[in-house]
Amino acid sequence: MLSQEDVNFIENSLSYEDKVSLIFLLYGHRNPKYALQILAVADRAPASEETSFLVDWMNYVQQSSDWENELLEVLILMEQNLLLLRAGYDDEELRLKYFPRTSEIAFLVHPMLKGLYHLCERLDDANASKLVNQLQQSTGISLPQQRCMETVLLHLLCNENIQLGSKHSGQECNLLMLTAACKATELYHESDFLKSIVSHFNQHISKRDQEQSDATAKYIPSKIDVVSKNNPSDTVVAAAVESNHSPLESYKFHPERAGIVLLINQFSFYRETNPELIGLVPARPLKDRKGTEVDKNALEHLFTDFGYDLIVEENITHHQILQAVQHAVQRMKPIHCSLIVCLLSHGQEGKVFGSNSIPVEVKAIQQLMASERLTGKPKLLIVQACQGADLQSAVPIQNLEHDGLDGGERTASVFMDFLVAWSTVPGFASIRHIEKGSWFIQELCTKVRQLYGSEHIMDILTAVINDVASKRGYGNECMVPIIQSTLSKKFYFLRRA
């Protein structure tokens, strides 16, 4: 529990610019006029003089049991990692909890304030100045050039030129003037960014209003209501899954008939000796994939919790991989909601290896999954394998390996209701810790468990990409997952009761 002394220490360890960001994020949706008054006082105070506005804020919101977590979320969003470490917190744990770089996901901080803070961080001084001049012309408000863009946004909030909206009261946000000003000053990426965060915020408002309207008009109990009562965290998702009139519908999902998960885990490899196939064997022997057992166990536990029937195959040949996929498709029944195939192996661009060191085209696996019997059902293909051998750094990696070779043909998801999640972009290696498992699979399992109660699979994967991309190896190696999707609806998981 943070004490008043801790809060005072945090505040007076910050620069003036960081104090402005802190005030903006804490007061922007509560009382922007008061925030401007605080900043006016702070701006006139000598640089060496201590301030106490954060203690005042703590006392102001202390009736809320979440005030400490809100402050921690703000500080991790501002990337005050060193300050958090000095205050006794694990900054990595907080990053995993709050996803500071994912603008669309916020917990206690107002999501639109988080997005607007990211906007401020994207602007250099020249572009910020151009934007302020354009806003003055658009609004007729005197907006003197400020050291911090957040101050300008607080003025716009006070004058209701921008509106943050409220999920609690069902009020949509409105950033039309700010978006138009960005476009007028040729800040097209910023304009698109604002449209994106507004759309994400407002679609949840619209969905909730529609669900409430539908529930008022007609309520029909179903099995999913039993799931919601047994697991209250699933209630919001249950409503979303059952809604047939939201702007974007959701696939039906019932834990008692979730479907099939085929998990192919390749640990050891040998070199094929068949003369007809030997030409496909890579020049270098494929190493054992140490750490893959950790990934396999994580995926097994995850999908079992969501009610899937698991088929686990290990160390199978290229031909057996295709047979296993075909068998999983045949196991799918009309009542099943979805099919998921997880491939953990070495790979090339667009290919994964059988245990006999013969590659299989991922496109061929997709073609098997694109069976008519699965029409309209979501089909997820999760691939933990390299798509090349390039790394960000040539420095040797202690305890880290990668799952690939050079070359290969590029593939794309071309079938309806498909999602293909690759652990890395084409041409690059996929990093796997020999004791902790792969970065991608471990983050995927963590994020699904954390976010399934409120987010659909595409938003969850956005968080996965964000966190995997921020990781660094011992030699500054990094990787970026890639998602290919033709899903036509939102796909939510629900836990088994």
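With a point put 7 Å past each Cα toward its Cβ, work out how far residue 158 is from residue 195 in nm, to one decimal.
3.2 nm
Which lysines have a Cα less than 26 Å from the Cα of residue 183, not counting those fewer than 8 places away in the same chain?
List returned: 114, 130, 195.
May I ask you to list the residues of segment 72-90 whose amide nitrogen lies under 16 Å from a point 7 Å from Cα along the Cα→beta-carbon direction of residue 6?
Counting backbone N atoms under 16 Å from the label point, the list is 72-76, 81-90.
Please work out the FRET efficiency for the pair residue 142 and residue 273, using the Cβ-Cβ distance as r and a Förster radius of 60 Å; give the result to the nearest 0.05.
0.15
For a protection proxy built on the mean count of beta-carbon atoms within 10 angstrom, sort 122-128, 180-186, 290-296 highest first, please.
The packing order, highest mean first, is 290-296, 180-186, 122-128.
Which of the lysines could be linked to residue 377 by a straight reach, that is with a Cα gap under 20 Å, when you skip same-chain ones fewer than 8 residues away?
Cross-link targets: 223, 252, 333, 363, 489, 490.
How big is D for segment 79-171, in µm² s⁻¹ as a whole number, if Stokes-Einstein is applied with the Kirkwood radius of its Cα pairs at 4 °C and 1.567 mPa s?
85 µm²/s
Once the cut-off is 22 Å, how many percent of the Cα-Cα pairs in segment 1-157 end up in the long-distance tail?
Summing the P(r) of segment 1-157 above 22 Å gives 42 percent of all pairs.
So for each of 326-332, 417-423, 454-460 I average, over its residues, the number of other beta carbons within 10 Å; can you give me the resulting order with the highest mean first?
Top to bottom by mean Cβ count within 10 Å: 417-423, 454-460, 326-332.
Using a probe radius of 1.4 Å on heavy atoms only, what accessible surface per residue do you get for segment 38-115? Whole Å² is fine.
On a per-residue basis, 48 Å².
So, R0 is 51 Å and r is the distance between the beta-carbons of residue 367 and residue 133; what FRET efficiency does that work out to, to 0.05?
In this case the efficiency is close to 0.35.
For residue 167 and residue 16 in one chain, what is 0.36 nm times their gap in residues minus the Cα-Cα distance, to one decimal in nm?
Answer, rounded to one decimal: 51.2 nm.
What spacing in nm lies between the two simple spin-label points modelled at residue 435 and residue 186, each 7 Å away from Cα in the Cβ direction?
With each label placed 7 Å out from Cα toward Cβ, I get 5.3 nm.
The values are calculated or read from the model by the stated rules, or taken from the named source; none is laboratory data. Source: prediction; values computed, not measured. Backbone-built Cβ (ideal geometry, glycine too); neighbour counts: all protein chains shown. These area figures cover heavy atoms from the full protein model, side chains too; ligands, DNA and RNA do not enter into them. Shrake-Rupley method; radii C 1.70, N 1.55, O 1.52, S 1.80 Å.
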